[in-house]
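**Q** My questions will all concern the structure given below.
The values are calculated or read from the model by the stated rules, or taken from the named source; none is laboratory data. Quick caveat, the model's predicted, so the values are computed rather than measured. Cβ coordinates were reconstructed from backbone atoms using ideal geometry, including for glycine residues, and neighbour counts include every protein chain displayed. Surface areas here come from the heavy atoms of the whole protein model, side chains and all, with no ligands, DNA or RNA. Shrake-Rupley method; radii C 1.70, N 1.55, O 1.52, S 1.80 Å.
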There are 4 protein chains.
Amino acid sequence: MAQEAWGRWGSEDEIGAPNLIGPEQVRLAAALVRTGQVISLAQPISDRLPVPGHRAGVMHFMGRDGGDYAAGAKRPGGFQFSEDTIVLSMHVGTHLDALCHAWCDDHLYNGFPGSTVRSNTRALRCGVEKIPPLVTRGVLLDVVRLRGTVALPGDFIGLAELKAAAEYAGVTLRDGDAVLIRTGWLESQDPKQGVDFNTEPGIDMEAALWLAESGVAMVGADNFAIETLPFPPDTIFPVHQRLIRDYGIPLLEGLVLRQLAEADAKEFLFFAAPLPIVGATASPIAPVAVL
Amino acid sequence: MAQEAWGRWGSEDEIGAPNLIGPEQVRLAAALVRTGQVISLAQPISDRLPVPGHRAGVMHFMGRDGGDYAAGAKRPGGFQFSEDTIVLSMHVGTHLDALCHAWCDDHLYNGFPGSTVRSNTRALRCGVEKIPPLVTRGVLLDVVRLRGTVALPGDFIGLAELKAAAEYAGVTLRDGDAVLIRTGWLESQDPKQGVDFNTEPGIDMEAALWLAESGVAMVGADNFAIETLPFPPDTIFPVHQRLIRDYGIPLLEGLVLRQLAEADAKEFLFFAAPLPIVGATASPIAPVAVL
Amino acid sequence: MAQEAWGRWGSEDEIGAPNLIGPEQVRLAAALVRTGQVISLAQPISDRLPVPGHRAGVMHFMGRDGGDYAAGAKRPGGFQFSEDTIVLSMHVGTHLDALCHAWCDDHLYNGFPGSTVRSNTRALRCGVEKIPPLVTRGVLLDVVRLRGTVALPGDFIGLAELKAAAEYAGVTLRDGDAVLIRTGWLESQDPKQGVDFNTEPGIDMEAALWLAESGVAMVGADNFAIETLPFPPDTIFPVHQRLIRDYGIPLLEGLVLRQLAEADAKEFLFFAAPLPIVGATASPIAPVAVL
Amino acid sequence: MAQEAWGRWGSEDEIGAPNLIGPEQVRLAAALVRTGQVISLAQPISDRLPVPGHRAGVMHFMGRDGGDYAAGAKRPGGFQFSEDTIVLSMHVGTHLDALCHAWCDDHLYNGFPGSTVRSNTRALRCGVEKIPPLVTRGVLLDVVRLRGTVALPGDFIGLAELKAAAEYAGVTLRDGDAVLIRTGWLESQDPKQGVDFNTEPGIDMEAALWLAESGVAMVGADNFAIETLPFPPDTIFPVHQRLIRDYGIPLLEGLVLRQLAEADAKEFLFFAAPLPIVGATASPIAPVAVL
């Protein structure tokens, strides 16, 4: 397997494809603003957030709150306040995978040893704090609109379909783009019924490689893993391995794209700034489209 | 005490001053982009992040990592990955205070009862998830440049000084602006020596009210509490009470502003999207300036 | 409703029925040791521990481990070590409910206001740290043996049945006893199939009051809530309210009693020491029977 | 360095020296009960608990409390309750080190590879859940009484001194004993002044080996690390390595021994039951002496 982007931005690079966003891309993206409408692409975070079975649900605790005052807590100088703490897995809800999140053959993106990711140091290489704020052109590839219906769990979204979606959007992908793929998965879930994280529609390998070779800085989708679940036979997260490790492309999972699609967005100013959690394998994130 | 903004956007409003950012403000902000330089304004988050004594330090745990594979963990299909979990107080590092964070007289912004903020429900009113992504004009008020040195702990930054800073920036504040005040506090701390959160420079009440009356959507600073510590006699967080509760202005604390100042930024496209943590009293955030 | 034990040990008492264990009870209990067999009555704690839907599962993180060394971590002086952190709800697995855990009419055991239990102070009254280590006679009331089969979800275990179980054990209940009731619920669960915490066998009110009037210091069982679920019509945790609040009797839930029953234990030295977590509503606990 | 206890209880043994507590030891211990006085040896656990700088302080959160009801939370059927969650490092306060906690040369007690202790599995070998409840004779070795004053930080407590303390207690150590060493360290700390975990009195290697060769099942002390800090030149936790790894002796740290000493306890029934946290490197514990 080739490691297409290794060494492309120097042997010490830990940023990967976001390097493709330069000042020119930022200026062009800002120039896309037309209506000034701002759309959030993030799922709400709460203890009701569906999470895969092998991850822990969100815990959110108040350390001080209005109940304390109702119960008689002191109010020095009349002041009242509340504060809280969250226990949060980095890979639930809307989040951006860092380049240290997935690999194979004991080596991360750009050849860094997997052994640099440890309990006592966290990721010494390719932690999410190395990814700069992403400010670039966003492109919506709306498979739901193309199909006229949501893609079904297990569906592979292939090259032809992504190309058709780009054509519908009137967009030719270029260096630094943030591609957002709407499969319809998230919007068709009913949390009350439970969410099955073991099967979902996603892109296939050919589609993934086309995006990568098109120079995109980031790939996002409204599903749990960008790629199709279950995986093709004898593979485990093959698209993760290729995009993250070989191309240095961070993946943005769990996007909320329905409102963006309903606004008929095609290309737009895209913003996403991960929390610079040192050595983290991902960051919760609240990405934004500005139309 | 007046509650200047109560009812201004309707009796059910939980957004407050960010309502002042409309499509026009967004378009004007986007039009400010010149060089395309992107500057992050967030502190790194790690267990080394200084926190006030009454708050717990950050915990960050790996649930799976490269050490596991080095120790012999299975790699189904060759796949290797890492994942992690964070325990994070909402009010450490760079964070945006929600309108439910501070109040008095048992009533939050817009008159909602403080008793709507509870352990078992979290904030039913004015949680941080009610604040939309902030995309607007950012204005840097650089007190350090004005003074030629960092403000000292305990210093009050007053109206005249803020006005002078705005004049230096060549900016007249207007509805929807995000004001960022550089006091020099954070950049003059040495975490190895310990950080004293009990004394810091900040704005005084007159300055705060001028900002509020100028229509700003948000007030940020490179200190811990926007306002001066220790407080004026017989007051506790007086600026918090007035700006958050009476004007509905979220506060953005713990900003990193040195690089922005060194780039001689004055007005710019500002972007800050809180994590929509349902019922939270604040959100960790990675704000961005685009020059 | 009477509050039978209020004031019984003084108006400031926060211990309740464990006051009934005096030196005499301890000496008599120690004298019961015959074979020297030690049996643990605690469920293992792990992220596989079944928990009720409204509580969060256990999280357990390694902060340093053998994988770190396999990955190359330094070993100053040859020393290697591992350490870990747990995130644990107090009311999962085997745990002892404190007297501040359940109440009604805004008053806890002994008349303390419910408002003394707050986010910012935790329980100022009747926290689990107020319960001393319990060293007393344990009595096994084995309903499974009596019935020849496990009690079924929803079954009420009544007075006659408890009396028959005591008779089988050859025991007359007396002041300070720790009563352990084997319903068979826990041992008949299959965690792989999921555990239903909404229905279980338990004691009814008459049985509960008989135990309380018999002077027991503590009531334990191998189920989730001591009492039957679902509750009798128009009641919510009625036995909790009466035993904890009115009699000051801590409840020990989630016991593992099969091995104890298989050893044909009847009366024995019982030992259970809650972690003195200040202001906690319960404690995880590892109770022990010494035969 | 010899590994004295490896293989002693079979090649698969993960219990170590607690194997030395058999039924006979339990019966003899129970027979020591004279007055029936029960003394807890555990530190209170709260967010005020002093912790070493490299470990996180305790977090303790209420998920529901009396403040909620004061603020208007519903009380179905009149029922009110509170519940809470703790975030707790295993190595703060009073805790029992498991045999997987400390090692060298990549091998744990009994030769198990250190690589069996991983982030994703926790300790597959020698986790704290493998240690049975300890019910045995406790022996207080009271160095403070012997010296007439507390031992000072950095003091080495040697063989002669331990022997003199045993002689004072009138005790000859024997197989299965739980030895509790009072140095006076903990009782001489003032948490308000901060606690220095980098220097403390403790036992030296010769004393440690004498305890081990005497057949003790467990060694406890009222300090942070049993052994002296700072360590002898060119060593790091040498006593940990020898006792835990080579002799399979769990260490019980952070004991509260003053009350026990004031009761002039010498030998007594000792109880300590670790929480069976699967794969944990230690357990918080509330040990008990029964006089």
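**Q** Where a ≥ b ≥ c are the square roots of the eigenvalues of the C-alpha gyration tensor, would you call segment B:177-274 rounded, which needs a/c under 1.5, or, failing that, prolate if a/b is larger than b/c, or oblate?
**A** Since a/c reaches 1.5 but b/c is at least a/b, the shape of segment B:177-274 is classed as oblate.
**Q** Using Cα-only point scatterers and the Debye equation, what is log10 of I(q)/I(0) for chain B at each q in 0.12 Å⁻¹, rounded to two decimals?
**A** Log10 of I(q)/I(0), two decimals: -0.76.
**Q** If you don't mind, another one. Which peptide among C:106-118, B:241-253, D:92-104, C:26-38 comes first, and what is the full order, when sorted by highest mean count of other Cβ atoms within 10 Å?
**A** Ranking the peptides C:106-118, B:241-253, D:92-104, C:26-38 by packing returns D:92-104, B:241-253, C:106-118, C:26-38.
**Q** Next question. Provide an ascending nm list, one decimal, of label-point separations from residue D:12 to the equivalent residue in each further copy; define each label point as 7 Å from Cα along Cα→Cβ.
**A** Ordered by increasing distance: 5.3, 5.6, 6.5 nm.
**Q** Out of the DSSP beta bridges found with both residues in chain C, what percent are antiparallel (nearest 5)?
**A** Bridges in chain C are about 65 percent antiparallel.
**Q** Under a 5 Å amide H to amide H cut-off, with H placed in plane at 1.01 Å, what residues pair with residue C:63 once short-range neighbours are removed?
**A** So residue C:63 has HN proximity to C:83, C:84, C:85.
**Q** Rounded, prolate or oblate for the protein assembly as shown? Axes are the square roots of the Cα gyration tensor eigenvalues, ordered a ≥ b ≥ c, and the cut-off for rounded is a/c under 1.5.
**A** Taking the square roots of the gyration eigenvalues as a ≥ b ≥ c, the protein assembly as shown is prolate.
**Q** Give the percent of DSSP beta bridges with both residues in the protein assembly as shown that are antiparallel, rounded to the nearest 5.
**A** Here the antiparallel bridges make up roughly 70 percent for the protein assembly as shown.
**Q** If you don't mind, another one. Determine ³J(HN,Hα), in whole Hz, for all residues of segment A:127-140 in sequence, where each value follows from phi through the Karplus function 6.51 cos²θ - 1.76 cosθ + 1.60 and θ = phi - 60°; x replaces Gly and Pro.
**A** Listing the rounded values in order: x, 5, 5, 7, 7, x, x, 9, 10, 6, 6, x, 10, 8 Hz.
**Q** On to the next question. Could you give the size of the charge dipole of segment A:191-291 about its Cα centre, using +1 on the Cβ of each K and R and -1 on the Cβ of each D and E, expressed in debye and rounded to the nearest 20?
**A** Value, rounded to 20: 340 debye.
**Q** Quantify how strongly other chains surround peptide C:33-39 by giving the mean number of their Cβ atoms within 10 Å of each of its Cβ atoms.
**A** 6
**Q** Could you grab the relative contact order for segment A:1-143? Cα pairs under 8 Å, six or more apart, rounded to a whole percent.
**A** 31
**Q** From the phi angles alone, apply the Karplus equation (6.51, -1.76, 1.60; θ = phi - 60°) to segment D:92-107 and give each ³J(HN,Hα) in whole Hz, x where the residue is Gly or Pro.
**A** Result, rounded to whole Hz: 10, x, 7, 8, 10, 6, 7, 6, 8, 7, 9, 7, 7, 6, 6, 10.
**Q** Moving on to the next point. At a cut-off of 50 Å², which residues of segment A:111-133 become less accessible once all protein chains are present than in their chain alone, using a 1.4 Å probe?
**A** Buried by 50 Å² or more upon assembly, which counts only protein chains, are A:118, A:119, A:120, A:122, A:133.
**Q** Mind checking the dipole of segment B:112-260: about its Cα centre, +1 per Lys or Arg Cβ, -1 per Asp or Glu Cβ, Debye to the nearest 20?
**A** Rounded to the nearest 20 debye, it is 540 debye.
**Q** A further question on this structure: Would you please give the residues with an amide H less than 5 Å from that of residue D:273, counting only those at least 5 places away or on a separate chain, with H modeled from the backbone geometry?
**A** It is D:134, D:286, by chain and number.
**Q** Compute the label zone of residue C:174 within segment C:196-234: residues whose backbone N is under 15 Å from the point 7 Å along Cα-to-Cβ.
**A** Label zone hits: C:214-217.
**Q** How many partner chain Cβ atoms sit within 10 Å of a residue's Cβ in peptide D:96-106, on average, as a whole number?
**A** Partner-chain Cβ atoms within 10 Å, mean over residues of D:96-106: 4.
**Q** A follow-up question, please. For Cα pairs less than 8 Å apart in space and 6+ apart in sequence, what is the mean separation divided by the residue count of chain C, i.e. the relative contact order in percent?
**A** Over chain C, the number comes to 31 percent.
**Q** Name the residues of segment A:263-290, by number, that are at least 50 Å² less accessible with every protein chain in place than in the isolated chain; the surface is that of heavy atoms, probe 1.4 Å, without ligands or nucleic acids.
**A** Relative to the lone chain, where solvent access is computed with a 1.4 Å probe, segment A:263-290 loses at least 50 Å² at A:271, A:275, A:276, A:277, A:278, A:286.
**Q** Counting only residues 5 or more places away or on other chains, whose amide H sits under 5 Å from the amide H of residue C:220 once H atoms are built in the peptide plane?
**A** C:179, C:180, C:181, C:252
**Q** Of all accessible surface on segment A:168-253 at a 1.4 Å probe, what whole percent is carbon and sulfur?
**A** 51
**Q** Taking a label point 7 Å out from Cα toward Cβ, give me the nm distances from residue C:159 to the same spot in the other copies, shortest first, one decimal.
**A** Those label-point separations list as 6.8, 7.8, 8.1 nm.
**Q** Let me ask you something else. With a/c under 1.5 counting as rounded, go ahead and sort segment C:112-242 into rounded, prolate or oblate using the C-alpha gyration tensor (a ≥ b ≥ c being the square roots of the eigenvalues; past the cut-off, prolate if a/b is larger than b/c, else oblate).
**A** oblate
**Q** Now for a different question. With respect to the cross-link table entries A:163/A:266; A:192/B:130; C:130/D:130; A:130/A:163; A:74/D:192; B:74/C:192, which display a Cα-Cα separation exceeding 25 Å?
**A** C:130/D:130; A:130/A:163
**Q** In debye to the nearest 20, how big a dipole does segment C:81-191 give about its Cα centre with +1 on each Lys and Arg Cβ and -1 on each Asp and Glu Cβ?
**A** 280
**Q** Take peptides B:198-211, C:78-91 and line them up by average Cβ neighbours within 10 Å, highest first, as a rough protection proxy.
**A** Top of the packing list down: C:78-91, B:198-211.
**Q** 7 Å along Cα→Cβ for the label point: how many nanometres lie between residue C:262 and each equivalent label in the other copies, listed shortest first?
**A** Once sorted, the set of distances for residue C:262 reads 4.5, 5.9, 6.8 nm.
**Q** Given a 1.4 Å probe, show me the residues in segment B:193-241 buried by at least 50 Å² of accessible surface when comparing the whole protein assembly to the chain alone.
**A** B:236
**Q** Report the accessible surface area buried between chains A and C, summing both sides, using a 1.4 Å probe on protein heavy atoms only, in Å² rounded to the nearest 100.
**A** About 1300 Å² of accessible surface is lost on pairing.
**Q** Can you pull the mean other chain C-beta count within 10 Å for peptide C:157-164?
**A** Average neighbour count from other chains, rounded to a whole number: 0.
**Q** Skip the ligands, DNA and RNA, and give the accessible area per residue of chain B with a 1.4 Å probe, whole Å².
**A** I get 33 Å² per residue for chain B.
**Q** Another question, then. Using the Karplus equation 6.51 cos²θ - 1.76 cosθ + 1.60 (θ = phi - 60°), what ³J(HN,Hα) coupling, rounded to whole Hz, does each residue of segment D:52-61 give in order, writing x for Gly and Pro?
**A** Residue by residue, segment D:52-61 yields x, x, 8, 10, 7, x, 5, 10, 9, 10 Hz.
**Q** Oh, and also: Among B:273, B:79, B:219, which residue has its Cα positioned farthest towards the positive end of the charge dipole of chain B, with +1 placed on the Cβ of Lys and Arg, -1 on the Cβ of Asp and Glu, and the dipole taken about the Cα centre?
**A** Projecting each Cα onto the dipole axis, the largest value belongs to B:79.
**Q** What is the antiparallel percent of DSSP beta bridges lying wholly in segment B:162-291, to the nearest 5?
**A** The answer is about 35 percent antiparallel.
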